[in-house]
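See below for the structure under consideration.
The values are calculated or read from the model by the stated rules, or taken from the named source; none is laboratory data. As the structure is a prediction and not an experimental result, all values here were calculated from the model. Positions of Cβ are backbone-derived with ideal geometry, glycine not excepted, and every protein chain shown enters the neighbour counts. Keep in mind that these areas ignore ligands, DNA and RNA; they rest on the heavy atoms of the full protein, side chains included. Shrake-Rupley method; radii C 1.70, N 1.55, O 1.52, S 1.80 Å.
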Amino acid sequence: MEQKMLLTPGPTPIPPQISSRMAEGMIGHRSNDFNQLMENIQPGLKTILGTKNPVAILSSSGTSALEAAMVNLISPDESIIIIVSGAFGDRFRNIAKTYPFNVHVYEVEWGKAVDPAAFEDYLRSKENIKAVFSQSCETSTAVIHPLNALGRVVKSYNSDTLFIVDGVSIVGGMKFDMETDNIDCLVTGSQKALMLPPGLAFVAMNDAARQKAADNDLPRFYLDINRYFKALEDYSTPFTPAVSLIQGLERVLEIYEEEGIETVFERHRKMRDMLRAGLRSLDLKMLVSDEYASPTVTAFKSSEDELKVIKDRLKNEHQITIAGGQKELKGKILRIGHMGYMFPHDMIRVLAAIEAILSDHRKANYYGRALAAAQEAYYG
């Protein structure tokens, strides 16, 4: 049987050398060995999240990092804006509505990026906004938002207004610079471009966000980020961590350093360009414009019937798993993840399979079209 290939936007495949590192054996989380491990990983984490400050590690899902950002940086009755352009912006909204916050929602058409000028008009129509929440990559649509422009808009409104970004499906696949982009808090999870199993979440905060978290009297316990940063001073954690995942994380960071972080980002961009060129050559339409296309996940459109044929036959005949649409995009798009432990030859395999499926389904010859287009995109 052909080797199975997981091309969803998370969880993603785990390199064998990372699995091996995680299987080396447990160490005590209150030992010098663990303290050394925590110290070793901080430089690489800072590089990947684009920060000079320590990065807190939570043993929980990426959603916990979204909620941690919310409950640590917003006080009761404060006004915030949630940018919603897909299912995960909607998750931010649902988290916010659980707490005693004054929540404003800025709706963006699914598949579109935020227009900074239009958002600025909206922001300036609101009074005393304490924070703006956005995705970097909206996983459900494969769009990336213009973070640099949005960060400027937020800080021009009020330099004390926090800009909080969900980078769960893109950190590790795209360069971040929190200072340049005016990001006060950036969060992500382990199971996407960081090539690990689910179970770790990461929170990076600048000094302004750290101070707000320290001053915030909203009750919280496990998600009290102050506990994590305090423990991090001794390269420790406030609660029992997922030790084996953190051991694997050390190997992830070594691999990215060996490949070269800029080379990693370029690999992700090339996979995106190959997929988009190949899919278009098969008369499939992209959901997102080229300018705002994610380097970690690609979404394409067709009829509901054809999308079902592609998805089902990829899995049943070619051992390739991709993802469907979510919520209002269910049955309207398919999504191919290309992040972390994935390479250009993986894009060739999935495109060749889609060529075969469509040639049979449409009763037309598509053989070679997508592969030629993808190779042109890669070598051009």
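Using θ = phi - 60° and the Karplus form 6.51 cos²θ - 1.76 cosθ + 1.60, what ³J(HN,Hα) does each residue of the stretch 53-58 get, whole Hz, x for Gly and Pro?
Along the stretch 53-58, the couplings run 9, x, 10, 7, 10, 10 Hz.
Per residue, how much accessible area does the chain have with a 1.4 Å probe, in Å²? Walk me through the intermediate numbers first.
On the way: 15400 Å² over 380 residues.
Here the residues of the chain average 41 Å² of exposed surface.
When the C-alpha atoms of the chain are aligned to their principal axes, what extent does each axis show, in angstrom, from largest down?
Projected onto its principal axes, the Cα set of the chain covers 65, 55, 34 Å.
Would you mind checking LYS285/LYS311; LYS192/LYS230; LYS112/LYS330 for any pair whose Cα atoms are more than 20 angstrom apart? All intermediate terms of the calculation are to be shown ahead of the outcome.
Values: LYS285/LYS311 16 Å; LYS192/LYS230 27 Å; LYS112/LYS330 17 Å.
Over 20 Å apart, Cα to Cα: LYS192/LYS230.
Please list the equivalent ellipsoid semi-axes of the stretch 237-302, computed as the square roots of five times the alpha-carbon gyration tensor eigenvalues, in descending order and whole angstrom. Don't skip to the answer; put the middle values down first.
On the way: eigenvalues 234, 49, 17 Å².
Ellipsoid semi-axes (Å, largest first): 34, 16, 9.
Give the long-range amide H neighbours of VAL297: residues separated by 5 or more places, or on another chain, with amide H under 5 Å away, using H modelled in the peptide plane at 1.01 Å from N.
The answer is HIS338.
Can you list the residues, at least 5 places off or on another chain, whose amide H is less than 5 Å from the amide H of VAL143, using H built in the peptide plane?
Under 5 Å from the amide H of VAL143: GLU138.
In whole percent, how big is the carbon plus sulfur part of the accessible area of the chain, probe 1.4 Å, protein atoms only? Before the final figure, lay out the partial values.
Working: 7330 of 15400 Å².
That share works out to 48 percent.
So how long is each side of the stretch 1-95 along the principal axes, counting just the alpha-carbon atoms, biggest first, in Å?
48, 45, 23
Can you compute the helix-only [θ] at 222 nm over the chain? Use -39500 (n - 2.57) per DSSP H run of at least 4 residues, normalise by all residues, nearest 500 deg cm²/dmol. List each step's numbers first, then the result.
Numbers: 13 runs with 168 residues, N = 380.
Calculated at 222 nm, the ellipticity per residue is -14000 deg cm²/dmol.
Using a 1.4 Å probe on the protein heavy atoms only, what accessible surface does ARG251 show? Give it in Å² to the nearest 10.
Rounded to the nearest 10, that gives 40 Å².
Step through the residues of the stretch 104-116 one at a time and calculate ³J(HN,Hα) from phi using the Karplus curve (6.51 cos²θ - 1.76 cosθ + 1.60, θ = phi - 60°), rounding each to whole Hz and writing x for Gly and Pro.
10, 10, 9, 7, 10, 4, 4, x, 9, 8, 5, 8, x
What ratio of Cα Rg to 2.2 N^0.38 Å holds for the stretch 233-380? Each step should come with its number before you reach the end.
Numbers: Rg = 18.1 Å, N = 148, 2.2 N^0.38 = 14.7 Å.
Rounded to two decimals, the normalised Rg is 1.23.
Kindly write out, for the stretch 64-81 in residue order, the coupling ³J(HN,Hα) from the Karplus curve 6.51 cos²θ - 1.76 cosθ + 1.60 (θ = phi - 60°), rounded to whole Hz, with x marking Gly and Pro.
5, 5, 4, 5, 4, 4, 5, 7, 8, 10, 10, 9, x, 6, 6, 9, 9, 10
Which of the GluC sites (Glu not before Pro) found in the stretch 13-72 are loop residues per DSSP with 13 or fewer other Cβ atoms within 10 Å of their Cβ?
Details: sites: GLU24, GLU39, GLU67; in loops: GLU24.
The qualifying sites are GLU24.
Cut-off under 23 Å on the C-alpha distance; same-chain residues fewer than 8 positions from LYS130 excluded. Which lysines are left, in chain and number order?
LYS97, LYS155, LYS212
Run through the stretch 140-225 and list the chymotrypsin sites (Phe, Trp or Tyr not before Pro) located in a DSSP loop whose Cβ has at most 16 other Cβ atoms within 10 Å.
PHE221, TYR222
Hey, what did the chain get for relative contact order, percent, Cα under 8 Å, at least 6 apart? Please list the in-between numbers first.
Working: 763 pairs, mean separation 89.2, N = 380.
Over the chain, the number comes to 23 percent.
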